[in-house]
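Colleague: Questions regarding the structure given below will be posed in turn.
Laboratory data are not the source of any read-out in this text; all were calculated from the coordinates shown. These numbers were taken from a predicted model, which means no experiment stands behind them. Glycine also receives a Cβ, built like all others from the backbone with ideal geometry; neighbour counts cover every protein chain displayed.
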């Protein structure tokens, strides 16, 4: 679970908010405006809190974009495409489809000025790649090649 916020606009996004209660508390305490949920894939430890998050946000939930590529994602209301760009204030998020761990797996490349970070869900870990639950070795190789093309400072 991660929170990304634009300091100027106070817009924010959550990445894989499996346990959203503390995140909602931070959003409210800091006066942030939750606009987007970036969901990497449908497994419960990543998407399992999406519906609870929407309930906790109450009336604001109609304005929250819950993104992903798998139609079975909890709360999904915006299906992303490969290389699609999403804005969180002045922060740009590029959606990178990386199927294999799950068929609808997405990594999110976040760019804020000259700084970048990538949220890989269960496609890539520091010790290797994720399990092949719904894909093939060829798909994982393609997904890892896509990530390897990112700036090494990412």
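Colleague: Would you please put 14-21, 44-51, 2-9 in order of how densely packed they are, using the mean number of other Cβ atoms within 10 angstrom per residue and starting with the highest? It would help to have the intermediate numbers written out before the result.
Modeller: Values: 14-21: 20.4, 44-51: 18.8, 2-9: 15.4.
Result, highest mean Cβ count within 10 Å first: 14-21, 44-51, 2-9.
Colleague: Taking the Cα centroid of region 89-136 and of region 24-62, what is the distance between the two, rounded to the nearest whole Å?
Modeller: Rounded to whole Å, the Cα centres lie 19 Å apart.
Colleague: Let me ask something else. Quick one: if the Förster radius is 35 Å, what FRET efficiency do residue 65 and residue 126 give, using the C-beta to C-beta distance and rounding to 0.05? Walk me through the numbers before you get to the answer.
Modeller: Numbers: r = 30 Å, r/R0 = 0.84.
Here the calculated transfer efficiency is 0.75.
Colleague: Using the beta-carbon distance between residue 10 and residue 116 and R0 = 30 Å, what value does 1/(1 + (r/R0)^6) give for FRET efficiency, to the nearest 0.05? Let's see the in-between values first.
Modeller: On the way: r = 21 Å, r/R0 = 0.71.
For residue 10 and residue 116, the calculated efficiency is 0.90.
Colleague: So what is the calculated 222 nm ellipticity per residue for the chain, using -39500 (n - 2.57) for each DSSP H run with n of 4 or more, over all residues, to the nearest 500 deg cm²/dmol?
Modeller: On the way: 4 runs with 34 residues, N = 154.
Helix-only estimate at 222 nm: -6000 deg cm²/dmol.
Colleague: Is the C-alpha gyration tensor of region 58-110 telling us rounded, prolate or oblate? Criteria: a/c under 1.5 is rounded; beyond that, a/b larger than b/c is prolate, otherwise oblate.
Modeller: On the way: a/c = 2.78, a/b = 1.21, b/c = 2.30.
Oblate, because a/c is 1.5 or more while a/b does not exceed b/c.
Colleague: If we count other beta carbons within 10 Å of each Cβ, what is the order of 82, 151, fewest first? Walk me through the numbers before you get to the answer.
Modeller: Details: 82 13, 151 10.
The order, fewest Cβ neighbours first, is 151, 82.
Colleague: Quick one: if you stick a label point 7 Å off each Cα along the C-beta vector at residue 148 and residue 103, how many nm between them?
Modeller: 2.7
Colleague: While we're on this one: Limiting things to C-alpha atoms, what are the Rg and the maximum Cα-Cα separation (Dmax) for the chain, in angstroms?
Modeller: 14.9, 45
Colleague: Fully extended, how many nm does the chain gain between residue 134 and residue 30 (0.36 nm per residue separation, minus their Cα-Cα distance)? Don't jump to the answer; show the numbers that get you there.
Modeller: Details: separation 104, 0.36 × 104 = 37.44 nm, distance 3.88 nm.
Answer, rounded to one decimal: 33.6 nm.
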